1. Using alpha carbons only, how many angstrom separate the centre of region 392-469 from the centre of region 340-354?
2. Farthest toward the dipole's positive end in the chain, which of Tyr111, Gly256, Val582, given Cβ charges of +1 (Lys, Arg) and -1 (Asp, Glu) about the Cα centre?
3. Treating only the Cβ atoms of Lys and Arg (+1) and Asp and Glu (-1) as charged, compute the dipole magnitude of region 242-386 about its Cα centre; round to the nearest 20 debye.
4. Considering only DSSP states other than H, G, I, E and B, which trypsin sites (Lys or Arg not before Pro) in region 92-149 qualify as loop sites with at most 11 other Cβ atoms within 10 Å?
5. Let me cross-check Phe40: its accessible surface, 1.4 Å probe, with only protein heavy atoms counted, in Å² to the nearest 10?
6. Measuring from label point to label point, each 7 Å out along Cα→Cβ, what is the Cys38 to Lys485 span in nm?
7. Going by amide H atoms built from the backbone, whose H comes under 5 Å of the H on Leu508, apart from near neighbours?
8. Using the Cα centre of region 3-56 as origin and beta-carbon charges of +1 (Lys, Arg) and -1 (Asp, Glu), tell me which of Asn26, Cys55, Ala11 is placed farthest towards the positive end of the dipole.
Amino acid sequence: MDPKKRSSDKAAQEMIQLMADKGLENAWDRLDAQSPQCGFGKSGICCRICTMGPCRISKKAPLGVCGADADTIVARNFLRAVAAGTSAHSDHGRTVAEVFLATARGEAKDYEIKDIPKLMRLAEEFGVKTEGRKVNEIAVDVGIIAIKEFGKYEGEQLMTKRAPAPRQEIWKKQGVTPRAIDREVTESLHRTSMGVDQDYKNILKQASRCALADGWGGSLIATELQDILFGVPYPGKGEINMGVLKEDEVNIIVHGHEPILSEMIAAASQSPEILEEAKKVGAKGITIAGTCCTANELLMRHGIPIAGNFLNQELVVATGAVELMAVDVQCIMQGLTSLVKHFHTKLITTADKARMPGVEHVEMDERDALETAKKLVKTAIDNYKNRGEVHIPKEKTAAVGGFSMESIKYILGGKFRASFRPLNDNIINGRIRGIAGVVGCTNPKVTQDYEHTKLVEELIKRDILVLTTGCATIACGKTGLNNPKAALDMAGPGLREVCETVGIPPVLACGSCVDNSRLLVSCCEIVKEGGLGDDLADLPVVGACLSSVHEKASAIGHYFVASGTPVVFGEGLLQIDGSEKVKKYLLDEIENDLGAKWMIESDPVKAADLILGAIEKKRDALGINQDTERKLFGMDDRRELEF
Ligand code: NFS
Ligand code: SF4
């Protein structure tokens, strides 16, 4: 066991060693116990969809009992992953929409409609009348339309209309414009059940439609309505890593995804009566820190510190300094249930969708949210006295978060002329070569954080502006990449000049995984601004995810590809190696249909070169790579023209 191989984060290394010394188990140990992992599963050629199976494809047995071949099985597994990822983001979006509607109706008294200008923009987009109407009336209509997007019986996803017209045309021609979100997920499950869709290309086409229902539907609804409820994020400072926990304060970790819970816990912890109670038990105050995407949501809007990403969730508990870990949904390791038994940490589930055996459950009810949150915080305070030995690593790094499409536009253009123009201009003049969206999780199979941070360093060195989300954001934050001062020294000269002029870091923290939708809408704005083509596929923009764990990553990657943005993933993450045909389609032929394709590369330096190559190809096609030196238009030139 070498902690340095497990993580590149010093705080994590320290805790990994400490856990090993104490004989405590974490995800890395369980991965060791699981190794070697099944080769059939890894390459996507095992099927247990029906009870004639399970079937595994090999030379000796090239067909499942039903006759399904490797292509069908690999494609089905891929579609199932995309559908599961879509369902996760979208169900999150639905919860937000329900709380939004309850708020508008006055049934969720602790929440409020915070961002009225954004509400008005969305109302207009949804065709809701705004003139002479009360904010809440408008919000009710918007909320109902948003909820209908999940299950409407006819029509297509409304926000696909945000995409440039040529993109919408491509979707229409390919038959992949997404309908109701639930319908795409349901149909994906139906098609992949035994004996239904057996044409791998047709299955992959449904993967595109389903993924688009995520990016332009479920995820985008989550982001838009969260912004209206909790405020559009604007840049602010925060701190990242386990050093944000405090020895003399009550520490609460909020873990999971939906800000519905964490926003209230943050609010509750600031109430004077609660702080008073904390003082009574001898604590100096209350520290709230996030892990995983909830952490991103809180950093984006409030500058609340982040204790770490996915692989940090067990390590923070091992500090012995966490009084309460409140979890909602997604990316919550079941390993926590046994780990907390060694500490005083109280683990509490808050969403009925995500219960854990033997773990206390406090249902988060939007009608009484602040009270529920206060109850949770009080539980933490009461638990402070039970603390045993505490070991908090010192590491924490200053980071700037809060880059939404709106805030980027504002920073670039100013309050009165918020605009992407300066960005487009600097891409056209070549100071910035292009943009990369770096996303994804931390997987114990590779050194924690290393892939993400190394890739990002290599990209900014190559004058590529980087936008990050999810656990990749947290990885970058830990190493100072979101810190304007530290990161600018690593950036190439062109990118550095632009960032210094505008006053942004070369790596922009854009939020959680559902906030990848922010990258889609930012790309739409860039196209609209002009000079960089007519379609998303024309833009010198690439997505990258060298390390992922969740099915959500497959959905995200595929909605980028289906939206015209090429995407690089690390090896083995898609689990498609078992079918040459599926590989050929996703890594090549899909470009003919949708204007972008998947690429596979695990090495961060090579991936950076691959991304730069793809960006330069787009630049060439746009004609912005020619020598743009200005010269006077002389008589000779004119003659040449006439000829
Ligand atoms: Ni994204 Fe967030 Fe992290 Fe991966 Fe999980 S927290 S939604 S899935 S592990 S980035
Ligand atoms: Fe086997 Fe076909 Fe059933 Fe899959 S669907 S388990 S390949 S028989």
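1. Computed from Cα coordinates, the inter-centre distance equals 34 Å.
2. My answer, from the dipole projection, is Val582.
3. Roughly 320 debye, rounded to the nearest 20.
4. Passing sites in region 92-149 are Lys129, Lys134.
5. Using a 1.4 Å probe on the heavy atoms, I get roughly 60 Å².
6. 5.3
7. Close amide H contacts, sequence-distant or interchain: Val466, Leu467, Thr468.
8. Cys55
The values are calculated or read from the model by the stated rules, or taken from the named source; none is laboratory data. All values derive from a computational prediction rather than experimental measurement. Reconstructed Cβ throughout: ideal geometry from the backbone, glycine too, with neighbour counts over all protein chains shown. Quick note on the areas: whole protein, heavy atoms, side chains included, nothing else; ligands and nucleic acids left out. Shrake-Rupley method; radii C 1.70, N 1.55, O 1.52, S 1.80 Å.
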